[in-house]
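The structure appears below as structure tokens.
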Amino acid sequence: MADVVQFPGALPEREVNDDGDRGGHAEAFRDLEGDVCDLERMGAIAQDLIMECAAREDSLRQLELAIFAVWQLAKMTREFKESYFKRYHGELVGVS
């Protein structure tokens with residue numbers, strides 16, 4: 001009888017990962033909350049600095065900061081991707 005009705009919350013078999021862990025994908029996303037927030041904030045900072053530099057001719061310091069922010073954002077994005085896949089494959093557990 002259990003096979004007749006699929007109860008809410010039960011995952012279809014196609015969502016089971018290679019290790020047989022049904023919650024790995026969702027847990028990987030939950031663990032990345034801090035990284036997501038950091039990436040979003042760095043993107044906002046980079047955007048603000050670039051806009052400020054474009055509006056002024058005498059903004060060498062702001063341009064230097066904008067270049068750093070964009071470089072840092074690229075680095076954080078690369079690390080974010082690596083971290084996600086490590087968590088997804090069970091090589092890294094927990095919140096960073």
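Below, the figures for the structure above:
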quantity	calculated
10 Å-binned pair-distance histogram of the range 21-88 (Cα, whole percent)	21, 37, 23, 14, 5, 1
Pair residue 44, residue 82: separation of 7 Å Cα→Cβ label points (nm)	2.7
Pairwise label distance in nanometres, residue 67 with residue 25, each label 7 Å out on the Cα-Cβ vector	4.3
Integer Hz, Karplus 6.51/-1.76/1.60 couplings in order for the range 65-72, x for Gly and Pro	5, 5, 4, 4, 4, 5, 4, 5
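The numbers here are math on the coordinates, done by the rules we state, and not lab data. Predicted, not measured: the structure shown is a model, and the values here were computed from it. Every residue, glycine among them, receives a Cβ derived from its backbone with ideal geometry; neighbour counts consider all protein chains shown.
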